[in-house]
1. Report the full-extension gain for the segment K153 to D81: residue separation times 0.36 nm, less the Cα-Cα distance, to one decimal in nm.
2. Trypsin sites (Lys or Arg not before Pro) within segment 43-113: which are DSSP loop residues with at most 11 other Cβ atoms inside 10 Å?
3. Arrange the peptides 156-166, 332-342 so that the one whose residues have, on average, the most other Cβ atoms within 10 Å appears first.
4. Please compute the contact order of segment 182-296 in relative form: average sequence separation of alpha-carbon pairs under 8 Å and at least six residues apart, divided by the residue count, as a percent.
5. Ranked by Cβ crowding within 10 angstrom, fewest neighbours first, how are L366, L52 ordered?
6. For an R0 of 25 angstrom, estimate the FRET efficiency from the Cβ-Cβ distance between W306 and R268 and round to the nearest 0.05.
7. Between the DSSP loop rule and a limit of at most 16 other Cβ atoms within 10 Å, which GluC sites (Glu not before Pro) in segment 1-84 are left?
8. So if we plug the beta-carbon distance of R168 and A348 into 1/(1 + (r/R0)^6) with R0 = 51 Å, what FRET efficiency do we get, rounded to 0.05?
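FYI, it's all coordinate maths here, none of it is from the lab. Everything quoted here is computed from the prediction, not taken from an experiment. Heads up, the Cβs are rebuilt from the backbone with ideal geometry, glycines too, and the neighbour counts pull from every protein chain shown.
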Amino acid sequence: MTRTTTVRIAMNGVTGRMGYRQHLLRSILALRDQGGLDLGDGTVLWPEPVLLGRREHALREIAERHGLEHVSTDLDAVLADPDVDIYFDAQVTAAREEAVRKAIAAGKHVYTEKPTATGLDGALALARLAREKGVRHGVVQDKLFLPGLLKLKRLIDGGFFGRILSVRGEFGYWVFEGDWQQAQRPSWNYRAEDGGGIVVDMFPHWEYVLHELFGRVTSVQALTATHVPRRWDEHGKPYTATADDAAYGIFELDGGAVAQINSSWAVRVHRDELVEFQVDGTQGSAVAGLRECRVQHRSATPKPVWNPDLPATERFRDQWQRVPDNGEFDNGFKAQWELFLRHVYAGAPYRWDLLAGARGVQLAELGLKSAAEGRRLAVPEIAL
C-alpha cells in the first residue's frame, strides 16, 4: 500500500532566474507532475513548496501561475513553522550565509545553491553548525549531472584515457552591457560589493567538477579582468562594474594532471556548447560539453603535420567519434533534488554537503587572492 508523505520546503529566492526555472519549475514542480518521489518502500514524497522572498507581489504571481498556496516574506516565521522540513536557498550570494545559519539553528534540513558563503570562514562555520545540530545538508553541484559530463565520467571509470595529463575548459558567452540590449544576467553579478564576480560564481563549479572527475585541486594560479567596465542595470541606469567578468585559471590536481579553465562573460561563443572540457590522456582524448561528448583513441589518432604554406585537407573535428547516450538523462537539478530528498527521508548516501560547498568557496577565495598577488597559491585540504 502506498503512503503519501507531504514534505514542506521553504524555497527562498524563487523570483530569480535560477531559483525559478531550475529549482522550482524543472525540479520541485516536475516532481509533483510525476506524482511525487517514490522512495521504493511504499512511501511517496509529495513536495509542497513555501515560496519565500522579499517581493510579495512577485511571489504571489508565481504561486497563482502554478496553483501553489504558501507564500511568505517573513523568513523567521517560516523557519519557526514546525511543518516546514527543508530550507532551500537560491538568493543572492551576500544574503545566503545568514539565512542558511538561521535555518540550521531552527533545526531545518538545508539544501542550498553556491557559493554557500562569502568567505571560507563563514562556509566552514555553516558546515560545523549543521554537524552540531544534526541536520541533513546539501549543496547544489549541478554540472556533475550534465549528460556530457556523465559520459565523460563513464570514460574515466572505464579507463579510456590511461593516465590523464591535462584538462582544458572553456566557459562563457557575451553578456550584453544593458544599454542597447537587455543583459542576460542581473546587475549585482558585476558589483563586487554585492557579492558579484565570475570567480565567486564559477570557481566553486570548477572545484567540484575537477575534484569529482580528476582529483583534488592542490594549487591555483589565476588572472582576472573586468573587460567591460561600464554596464546598465535593470532600470536602464549606467553603473561601474567593480567585479571581474573574466578569469583565466590554472589548477594543479592531485595525481599530477594540470587543468586550465577560462571563464568569461565577455567572450563570443565559437564552440559547440557554452562549456566544453577537453581531457587528454596517454591512451585517448575527449571533448565534453553540456550534452555531447566526443573521443579520439590513441589507436585512431591521425598524424597532423604543421605546414602553414598549405591549406588543411581534413576537418579535425570530423576525426572524433561521438559517445552514445546509452540511457536517458533527466534534468540535472531535478536529479540532485531527488538524491537529496532520498538522503533526508530514506537515509541514502549523499556526499555533496556543506563541507564540499566550503571547498568551492575556498577555491574562489584563493583564486581572487592569487590574481591580486600575481602568484600561484597552494590549496590546503580542509576539514571540520
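1. On the way: separation 72, 0.36 × 72 = 25.92 nm, distance 4.12 nm.
This chain segment gains 21.8 nm when fully extended.
2. R55
3. Details: 156-166: 14.6, 332-342: 21.3.
Result, highest mean Cβ count within 10 Å first: 332-342, 156-166.
4. On the way: 184 pairs, mean separation 23.9, N = 115.
This gives 21 percent for segment 182-296.
5. Values: L366 23, L52 28.
By the 10 Å Cβ count, ascending: L366, L52.
6. Values: r = 27 Å, r/R0 = 1.09.
Once the sixth-power term is evaluated, E becomes 0.40.
7. Numbers: sites: E56, E61, E64, E69; in loops: E69.
In loop regions of segment 1-84 (DSSP not H, G, I, E or B), the sparsely surrounded GluC sites (Glu not before Pro) are E69.
8. Working: r = 35 Å, r/R0 = 0.68.
Between R168 and A348 the formula returns 0.90.
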